[in-house]
Amino acid sequence: MKVFITSQSLVEHLSNKTRPLGMVPTMGALHHGHLSLVKRAVKENQSVLISIFINPTQFDDKKDLERYPVNIHADLCLIKEISEKVLVYVPKVDDIYGNMVESKSFDLGGLDEVMEGEKRSGHFQGVATVVTHFLKTFSPDHAYFGEKDFQQLLIIEHVVQSLKLQTKIIGCPIIRESNGLAMSSRNSLLSDDQRKLASKLFEVLQFAKSKAKKIPYGTLKNMVAGLFKKHHELTLDYFKIVDPKTLKEIHLEETVNRGRGFIAAHLGKIRLIDNLDMS
Ligand code: AMP
C-alpha cells in the first residue's frame, strides 16, 4: 500500500505497469460497502486507487460537513488488509481546488433535478466536479461506484459519456447490515436504537416491492407515508418509484412493472437514503 497526499506525486507514480488502473472514490470512514468496491476493483485491475476526500462542494449543509465522520488511521488499516497493490490518495482541499473551492457547472441531463438533487441544492454539481477532476487527472481504466447512491451513479455515467472520458463506470450492489440497513459512513453517528429504527427504510422498500405490481402507485405511496406516521423520530422525506434510466416518476394510477424505489428519511439529525429494484 502506498499513500499519496498530492496528485502530482501520484501521477508521477502511475505508469503502464500500474494499468489497468481501477479507482474507488470515497469520503472515508470506510465500511464493508466501500470495501466491496475495493475488492472488486482489486480483482479486475493491476492496481487500485482509492481516494479518501470529504468533498466540501457537495455539502449544501455546513453542519453535515462538520460532523461527517473521519477515521483515516482505521481506513488505512482496513485497506491494507485487502491488498498491497492499493494506492491511497488522501489530498487536502487545495490539492484539488487550489484557492477556488467551488463547483464547476455540468450538464447533468436533468438527472439532478429530482430526489437528492432537489433536496440538496448543488450536491451533484459538487460530485461531478470532484469525480471528473479525478478521472481527468488519473485516467483510471475503471471507476467503481455503489448503487447505494444510485442517482449519483447515473449522473456520473451521464457526465462521463457527455465529456467522452475513457473511464468505464462500474456500478456495484448495495451492501447491508444483517437487519437490512444499507451500510453508510453516517450510520456511525446513530445510536443502537436508531440503527434498529433505520432498518425500517429497507423494510418499507421491501413492502413496496411486494405490493407494487398489485396496487396503483398512488395508493402505495399513501400507504408508505402512513407507515412513517407510527415513528416520531423517523420522518419520511420522500418515497418514489421512478424509471431507473430517466429517474422520471411513474404515474400515480399505474401499477409498477419496471421501476426502482427510492426512499429518504430523517432520523434525528441524520439523513438516510436507500433504494431497491421493484421488478
Ligand atoms: P462515500 O464515501 O459515501 O462517498 O461512498 C463512496 C462509494 O462507496 C460510493 O460509490 C458509494 O455509493 C459507495 N457505497 C457507500 N455505501 C455503500 C454500500 N452500503 N454498498 C455499496 N456501495 C456503497
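The values are calculated or read from the model by the stated rules, or taken from the named source; none is laboratory data. Note that the structure is predicted; figures quoted are calculated from it, not measured. Cβ: placed from backbone, ideal geometry, glycine included. Neighbour counts: every protein chain shown. Accessible surface areas use protein heavy atoms only, side chains included; no ligands, DNA or RNA. Shrake-Rupley method; radii C 1.70, N 1.55, O 1.52, S 1.80 Å.
Which members of the range 241-260 meet the condition of being of a type in the set (Ser, Thr, Tyr) and under 22 Å from the mean Cα position of the chain (by Cα)?
246
Name, by its number, the condition in (1) exposed (fewer than 15 other Cβ atoms within 10 Å of the Cβ); (2) not in a strand (DSSP E or B) that does not hold for residue 235.
Tallying (1) exposed (fewer than 15 other Cβ atoms within 10 Å of the Cβ); (2) not in a strand (DSSP E or B), residue 235 fails exactly one: (2).
Go through 72, 52 for me and flag whichever is within 16 Å of the ligand (Cβ to nearest atom) and farther than 17 Å from residue 135 by Cα.
72 is the lone residue from the list that is within 16 Å of the ligand (Cβ to nearest atom) and farther than 17 Å from residue 135 by Cα.
Could you grab me the full set of residues in the range 6-25 that are open to solvent by 40 Å² or more (accessible area, probe 1.4 Å) and in contact with a helix residue (DSSP H, G or I) (Cβ under 7 Å, 6 or more places away or on another chain)?
6, 11, listed by residue number.
Can you pull out the residues in the range 6-25 that are in contact with an Asp or Glu (Cβ under 7 Å, 6 or more places away or on another chain) and either more than 16 Å from the ligand (Cβ to nearest atom) or of a type in the set (Lys, Arg) (or both)?
Of all residues in the range 6-25, those in contact with an Asp or Glu (Cβ under 7 Å, 6 or more places away or on another chain) come to 6-7, 19-22.
Of everything in the range 6-25, those that are in contact with an Asp or Glu (Cβ under 7 Å, 6 or more places away or on another chain) and either more than 16 Å from the ligand (Cβ to nearest atom) or of a type in the set (Lys, Arg) (or both) turn out to be 6, 7, 19, 20, 21.
Identify, please: which residue in the range 255-279 is touching a residue at least 24 places away in the same chain (Cβ under 8 Å) and among the charged types (D, E, K, R) and is, among those, least open to solvent (accessible area, probe 1.4 Å)?
Ranking the qualifying residues of the range 255-279, first place goes to 274.
Return the only residue of 211, 240 being modelled with pLDDT of 95 or more, closer than 27 Å to residue 156 by Cα and not hydroxyl-bearing (Ser, Thr, Tyr). Lay out the reasoning, then the answer.
On the way: 211 fails: closer than 27 Å to residue 156 by Cα.
Only one candidate qualifies: 240.
Could you list, in sequence order, the residues of the range 82-127 that are acidic (Asp, Glu) and at pLDDT below 95?
Initial filter on the range 82-127 (acidic (Asp, Glu)): 84, 94-95, 102, 107, 112-113, 116, 118.
84, the sole residue that qualifies.
Could you list all residues from the range 228-245 that are without any contact (Cβ under 8 Å) to a residue 24 or more places away in the chain and under 15 Å from residue 261 (Cβ atoms)? Working first, answer last.
We begin by selecting, within the range 228-245, every residue without any contact (Cβ under 8 Å) to a residue 24 or more places away in the chain; these are 229-230, 232, 243.
The one that is without any contact (Cβ under 8 Å) to a residue 24 or more places away in the chain and under 15 Å from residue 261 (Cβ atoms): 243.
Select from the range 26-49 the residues that are β-branched (Val, Ile, Thr) and touching a helix residue (DSSP H, G or I) at 6+ places or on another chain (Cβ under 6 Å) and write down the one among them that is farthest from the ligand (Cβ to nearest atom).
Of everything passing the filter in the range 26-49, 48 is farthest from the ligand (Cβ to nearest atom).
Identify, from the list 106, 150, 138, 134, the residue that is of a type outside the set (A, V, I, L, M) and closer than 30 Å to residue 224 by Cα.
Details: 106 fails: closer than 30 Å to residue 224 by Cα; 138 fails: closer than 30 Å to residue 224 by Cα; 134 fails: closer than 30 Å to residue 224 by Cα.
From the options 106, 150, 138, 134, the qualifying one is 150.
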